[in-house]
Structures are given as structure tokens and as C-alpha cells.
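Remarks on the structure that follows.
The values are calculated or read from the model by the stated rules, or taken from the named source; none is laboratory data. All of these numbers come straight from a predicted model, not from anything done at the bench. Counting neighbours? That spans all protein chains shown, and the Cβs are built from the backbone with ideal geometry, glycine included.
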């Protein structure tokens, strides 16, 4: 009976495995994601699954990025990540991957002093995807777990401050430096022998500043872009500090690591430049936008101008594009900068706006401002602002006065049927001659029309 039961149990287990395999094959029949092989479909997405941090100083920033790529046609979702030890934390930068998209799983050692010497952890990444089933229809959900291994040795006798060199965003063509202090507590024979780096744009110089009673201190100056030839883009490097120690069982001397991170960016661009505020009159305001742009996100720290009539509004959040609201309100002359140029008919506004960002605090962006302020004109001044003027005296309008000169009469002679000439000396008066009296109009001093002139003249003659 016992043998029959044992045989029945074995048969049941085998049948269960066969059925499960059949279901799995049916689910994956329409997808290459379930192709047979040594690795699972999730493990094939990770080109690297193990990392050794080596010897790490206290307070050092020991990080490593495991990259994964969705090599399948179906979308893959990262359901979760967790670590088997508090000596290592783990995080992921994105949770959904379409075909050929990549993600990063970040592993970070805890170097605060809670864990020292040999440490290690297993990082588990849970993946999920959906496949189509032609036979049954609909979709099937597949899960997979991928284990990543990390280990290292956290030295309790070496402290590095800071634990990572963060240059942040560095303008193209500029060289910057950071100071790192390396402290050792142990024997007086301990010393740095050399420093190694991979990037040609990173330079380091170490100087011993203390050696007494087993305490040894080095100041390390790390310089990025010393020759100012670093191209635009991200720079990630690790500086290795090689000492004169050779641990038991190892052939190579001990090396401490210091991560270096930087982003070389193109210069910031300000538009419009010059910044034109137009023509204004007293009491008027103008508001315009100033745009600051860069390839990488940055933060605006301050916006100032020597002219107190400017007001600025901006966001302090990181963004590749910042829009600064600029308000110019005409005010009293004492608010203007001494650099303003007074004119006979107004003020020539030629100012500057200084924008400071976290990319380059020492050298702000300078934007030229141009405009014109005209003085107040009578049309722009209210009645209450005008000075009182004396009222003109009231004068009655006189009646027009017409003065006439005495009319004059001139005598002209015309021959009446005679061709003889007149002879004033002769005694013949009135014979063969006609005398006509011609009227000469009077002179008029008032403004009358010609018709009125003739009427007045005719009246004078009749009188």
C-alpha cells in the first residue's frame, strides 16, 4: 500500500509538471519572450548582474548603475525592486519600458558607518509582461525575478569628505575645481602613491596637510576641464586613490574610489536681446517676458537691475526654459540709475538686467535694456495738475466804424462832333464840347465788400 501511494504521489507530481509546462508553452506560443534557454526572459535584459565596489572609505558615495534594456516586442513593467541588506539601497528611474527602451537600477552602499568592512547584498528586480494567446484569446501575464549581486569593503579607518564630486552643470569652455579631504587613522606609514582616472577631462592633485600620531590628512583638488576642451555632454568618472597597502591574499595595492559627475552645457541664451521696452510717458507701465534657455535644466537664483523702476517675477524650480516677467513702471527720477542719460525732451533708458543661475553664479547673464521716456505733455496732464492762469479782461465788441473821405469830382471833356482841340485861353467856353462829372469812390478803412463800397459811394453822391 505504501509503495502504491508513493508511486501515485510521484505520478501526480510528474503530471502536474507536464500540465504546467503545457500551460506555459501555450501561454508563450505567440511570443519569443518565452524562448527556451539557460537564462530567464528577464535575466536576458541585464548585460551585467554583479558588481564589486572594492574598498570604500566612510562617507564615500559608492554607487553603481545596472542597466537593463527591453529586448522584446512586448512592453515590460518593473513591478518592484528590493535589497536583502540595509547596507545597500536600491532604486529604479522608470517602471515601464516599451520595446528597445532602457532603464537603470541604482545600487548604493551605506557608508555612514552603520556597516563596515565586508558587506554584500542581493538586489531583486521583479518584472512583468503581457503576451497574446491565439488559441484561448486575450492576454496572459508573465512574471520574472532577476537577482543582482553587489559587494564591497567599507573601511572604518578612512573617511572621504565629500563622498562624491558633483560639478553639476558646467558652462562649455570653463574650468572648475572642487576640494575633497581624505582622512586616515592608523599607522604613520600609510600614504597615497598615485591617483588614476579614466576621463581625459579630469585632473587631480593631492597635498598632504597632516601626519601625526597615526592621523594622516590629504587635501585633493579635483579639476574638470582643465584645458577647457571638454565637449558638451555628461561626464562620469571614478578617481582611484592607490595607497602603499597590499592586503593579504592580494597582489595589487589597495585603491579607494571617488565618483565624479558633471554635465558640460552650452552657454545660456537670453531672448530677446537687447530687451526693448518701447516709448513711454510718465505714469505708464509696460510688462514683457524675458526667456532664458539651456539644453539642461537649471535654476534661476536672482534677477536684478540698477534701475529701481524694474520689477521681476520668476520661478525657482529647475527647468531648461525659464520665463521671467519684467515690469517697468515710470516713477520719480531718483529711482533711475545714475547711468540713465537725460535728454532735452525726455530720458534715454539704457540699462542692464543681471540674471544669476546655479550654472554660473560668478558670471551672471547680462541683458541690455533699451527704451525711451518722454516728458509730460499738456495732453497727458490733468486739469488739476495745471497751474492756474489769469482770466483775460472782458471787453465789449465795438460797432464797426466807417469813415469816408469827401468825394471828389473830376471833370473830363469829350469833344462832341468836333475835331478841334480845346483852348483854355480862348473865350469859347461850352461850344462844341460836353463836360461829364466823374465820381471817384471814397477810401474805406473798415472791411466792407466791393458792393458795399459802391452803395456807400452812391449814397454819398446823392446826399
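Details
Here is a yes/no grid of residues against (1) at positive phi; (2) surrounded by 12 or more Cβ atoms within 10 Å (Cβ to Cβ); (3) modelled with pLDDT of 90 or more:
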residue: 129; (1), (2), (3): no, yes, yes
residue: 132; (1), (2), (3): no, yes, no
residue: 137; (1), (2), (3): yes, no, no
residue: 149; (1), (2), (3): no, yes, yes
residue: 159; (1), (2), (3): no, yes, yes
residue: 199; (1), (2), (3): no, yes, yes
residue: 214; (1), (2), (3): yes, yes, no
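- Among residues of the range 241-266, those that are surrounded by fewer than 15 Cβ atoms within 10 Å (Cβ to Cβ) and in contact with a strand residue (DSSP E or B) (Cβ under 9 Å, 6 or more places away or on another chain), counted: 5
- Scanning the range 112-144 for residues that are in contact with a helix residue (DSSP H, G or I) (Cβ under 8 Å, 6 or more places away or on another chain) and in a loop (DSSP other than H, G, I, E, B) turns up 133, 135, 136.
- Test: residue 145 is free of Cβ contacts under 8 Å to residues at least 40 places away in the same chain and surrounded by 12 or more Cβ atoms within 10 Å (Cβ to Cβ): no
- Looking across the range 173-196, the residues that are within 30 Å of residue 294 (Cβ to Cβ) and exposed (fewer than 14 other Cβ atoms within 10 Å of the Cβ) come down to 173, 179.
- Tabulated pairs, the range 265-280, first under 15 Å from residue 291 (Cβ atoms), second crowded, with 20+ Cβ neighbours inside 10 Å and modelled with pLDDT under 85, C-beta under 8 angstrom, 6+ apart or interchain: 268/359
- Residue check, residue 227 part of a loop (DSSP other than H, G, I, E, B) and either farther than 30 Å from residue 158 by Cβ or in contact with a helix residue (DSSP H, G or I) (Cβ under 9 Å, 6 or more places away or on another chain) (or both): yes
- Any chance residue 220 is touching a strand residue (DSSP E or B) at 6+ places or on another chain (Cβ under 9 Å), modelled with pLDDT of 90 or more, outside the structural domain of residue 59 (by TED's automatic domain parsing) and surrounded by fewer than 16 Cβ atoms within 10 Å (Cβ to Cβ): no
- Of all residues in the range 90-111, exactly one satisfies the criterion of being part of a strand (DSSP E or B) and farther than 29 Å from residue 72 by Cβ, namely 109.
- Within the range 279-294, one or more residues are modelled with pLDDT under 90, in contact with a helix residue (DSSP H, G or I) (Cβ under 6 Å, 6 or more places away or on another chain) and either surrounded by 13 or more Cβ atoms within 10 Å (Cβ to Cβ) or under 15 Å from residue 366 (Cα atoms) (or both).
- A single entry from 53, 46 fulfils the requirement of being out of contact with any helix residue (DSSP H, G or I) (no Cβ under 6 Å at 6 or more places or on another chain), under 30 Å from residue 192 (Cβ atoms) and in contact (Cβ under 8 Å) with a residue 60 or more places away in the chain: 53.
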